[in-house]
Amino acid sequence: EIRNISQKCKEKQDALEMKDKQIEEINQAFRMKKDEETNRQKKIHQTQKIIEDWQDELDTMEVCENLQPQIDAVNTELKKLQEERANIDNDVSDLRAEKTNQEQEEKRIIDRLGQLNNIMHMKEENLKMRSRDTHSALMWLRNNKDKFKKKTCEPMMLEINVKDSRHAKYIENHISANDMKAFVFECQEDMETFLVHDRQKLRVNAVCAPTESCAENLPSRPIEELHQYGFYSYLRELFDAPPPVMSYLCYQYRVHDVPVGTQKTRDMIERVIQETNLRQIYTAEERYVIKVSSYTKQNISSNTCLKEAQYLTSSVDADERGQLENQRQNIANTLKSLDARLTALFDRQKLLEHKDNKLRQEKKELLERGNRRRQLESKIGVKCDSLRQLEQDAIDLEKEFQLANVKIKKINKQKAELVAELMHLMKKIIPLNIVKVGLALQITRVTAKKNKLQSKYKAGAVQLRAAQKHFNELNSRKQHLYEKCLELMEQARHICRWAPDQDFPEEFQVAFQTLPNTLEEIDAFLNEEKTRASCFTGLSSSVVEEYNKQTQEIQQLTEFLEEKKNELNNYKQNISQVKEKWLNLLKVMIEKINEKFSKFFSSMQCVGEVDLHMENEEEYEKYGIRIRVKFHSSSELHELTPYHQSGGEKTVS
């Protein structure tokens, strides 16, 4: 009921705020009318001032003077400027035409250089024809260079650039075909990345350049020392390659130390082998490999004919390429000169355009001086019309003020009615709040009583668990004594030689009824009988021997029984100590969990408990955590099971 009345109060307050807003809107509208009238008066004053200024200027203006000579002089100057601008435009057109011709010639030279530089494309086609797997791997490498830490080199046949196509056969005969198609990497990690990402299982070769570059290694002797034998260069100087590739070739093939000779070298080959101590040499058409015999220590040479080049056949005409580069540079210089001349002409054009604009402005001002009087008379007429219109648009502020007051009074009357209704609602809500406070006090008392009962319940539960524990201990002790009794009974059966299924003989029952009831009396009776037996004479030796044997066996069994009892007691004591230590820690931990669990449920206006559940204190494998919850005030605490609570309640628990 309080909420319903509060909602109505809020509605009344909102209605009052709306009425205040309506009043503010009426006042705002009146202020706008007032500002509009003020602006109108200001515009009237400004318009009157402008008309007066123009009229003063018109009154003081002299009769128009003769401005034609000045206008003619300006026209003559403009004509000269136009003629000069036309000449400059013609020069610009000529220079642009010449620039276009030069650019076309430059494009022709660039295209030709592109053709000469298209060796890479021809090499790629050659690679694709000889090894499609290597070509596919090359395409993948170009699209995935971001996966590598250092620079990666494409297959050597693409990276090696022979300076003279005639030397290609030397290089190809020296480097294996597999290495010609091999990719070169600067670090082992990049090579492994390349091979691991080979999803297409392509058959490709990859090598790793030495950690320390060998590209700049020096030959064992200067080439000048070998000129006398017809050698003119080492292999390394016959081609260009990126540093990783060159480093690998120097390291693996020693291209920096393998000389290339001519027919002269072939003609004096025996002398070359004996005097130079070289291990590999090339003549015009043959390759020689020299080894030292392990037995005779003499040089053994073998020679093979050079195969024609297959991978490095494409070459460039260096002379033509040099001429084209010179022509391209000359054209670039010419274009630069043309651009400078065009820039100078454009600057002159801007200057002439500025003068032209200045003269036209001067001419315009001369013409306007003749038209100024007519313009002033026209402007004064337009402003007078505007002034008359402003004077006709006057606003009656007194009338507007009265209309606004009427509207505001009507709204204030409505506000008074709303305030009266709001006061009536406030009077109704006060007694309800008093009742609410009383109910809150009752809730506090009942809650305190409930908490007290819960405390008593917890104390009783602790006492119940202690009694249950004591009961289990007594029950365990009873079980132990019962098992001991059965064990002694079994020993008695064995001593008396009874069959397992034989009942207790009647004569034994009668005999036992005559015996004392305490252990001390039985021991005394037994000693008496032993003494009496010792007085017997004429007993056979076998009977005495059997008696002694059984007596000894009884003594051994008694000692064995006592030993086992001691062991059992020790085990029980150890188990009790370990169990007490473990169980105390477990109970403390579960009690902490129970406190927080109960606190969380209490914050949701529910009840929850957690405790250690055990059916038999000695059956540790059956220990468990028991959760009991109560989600409704009308229900009791129930153990959390798959069946009693709803899915949401189980999830919350």
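Observations, loosely collected:
Okay, residues lined up against (1) at pLDDT 90 or above; (2) closer than 19 Å to residue 306 by Cα; (3) under 38 Å from the mean Cα position of the chain (by Cα):
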| position | (1), (2), (3) |
| --- | --- |
| 196 | no, no, yes |
| 222 | yes, no, no |
| 243 | yes, no, yes |
| 247 | yes, no, no |
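- For the range 451-487, a tally of residues being under 58 Å from the mean Cα position of the chain (by Cα), basic (Lys, Arg) and open to solvent by less than 100 Å² (accessible area, probe 1.4 Å) returns 1.
- Residue 213 in a loop (DSSP other than H, G, I, E, B) and either buried (at least 16 other Cβ atoms within 10 Å of the Cβ) or outside the structural domain of residue 282 (by the TED database) (or both): yes
- Residue list for the range 593-611, filter: touching a Phe, Trp or Tyr at 6+ places or on another chain (Cβ under 9 Å) and either closer than 17 Å to residue 641 by Cβ or crowded, with 17+ Cβ neighbours inside 10 Å (or both): 601, 606, 607, 608, 609, 610
- Test: residue in the range 308-315 that is of a type outside the set (Lys, Arg), touching a strand residue (DSSP E or B) at 6+ places or on another chain (Cβ under 8 Å), open to solvent by 20 Å² or more (accessible area, probe 1.4 Å) and free of Cβ contacts under 8 Å to residues at least 60 places away in the same chain: no
- For residue 486, the conditions (1) in contact with a helix residue (DSSP H, G or I) (Cβ under 6 Å, 6 or more places away or on another chain); (2) under 30 Å from residue 556 (Cβ atoms) all hold with the exception of (1).
- Scan of the range 489-521 for residues that are in a helix (DSSP H, G or I) and within 19 Å of residue 552 (Cα to Cα), ordered by number: 489, 490, 491, 492, 493, 494, 495
- All conditions in (1) closer than 27 Å to residue 584 by Cβ; (2) within 47 Å of the chain's Cα centre (by Cα) hold for residue 615, with the sole exception of (2).
- Of residues in the range 268-293 being in a strand (DSSP E or B) and in contact (Cβ under 8 Å) with a residue 24 or more places away in the chain, the one nearest to residue 305 (Cα to Cα): 287
- From the options 377, 325, residue that is loosely packed, with under 15 Cβ neighbours inside 10 Å, within 59 Å of the chain's Cα centre (by Cα) and either modelled with pLDDT under 90 or of a type in the set (Phe, Trp, Tyr) (or both): 325
- Restricting the range 612-645 to residues that are in contact with a helix residue (DSSP H, G or I) (Cβ under 9 Å, 6 or more places away or on another chain), closer than 26 Å to residue 470 by Cβ and outside any loop (DSSP other than H, G, I, E, B) leaves a set whose member that is most open to solvent (accessible area, probe 1.4 Å) is 625.
- Close pairs (8 angstrom Cβ cut-off, 6 or more residues apart or separate chains): surrounded by 12 or more Cβ atoms within 10 Å (Cβ to Cβ) in the range 381-401, of a type in the set (S, T, N, Q) and in a helix (DSSP H, G or I) anywhere: 383/47; 386/47; 387/47; 387/48; 390/47
- Some residue of the range 59-72 being open to solvent by 50 Å² or more (accessible area, probe 1.4 Å) and either at pLDDT 85 or above or within 24 Å of residue 349 (Cβ to Cβ) (or both): no
The values are calculated or read from the model by the stated rules, or taken from the named source; none is laboratory data. Fair warning: this is a prediction, and the values are worked out from it, not measured in the lab. Cβ atoms come from the backbone with ideal geometry, glycine included; neighbour counts cover every protein chain shown. Please note that ligands, DNA and RNA were not included when accessible areas were found on the heavy atoms of the full protein model with its side chains. Shrake-Rupley method; radii C 1.70, N 1.55, O 1.52, S 1.80 Å.
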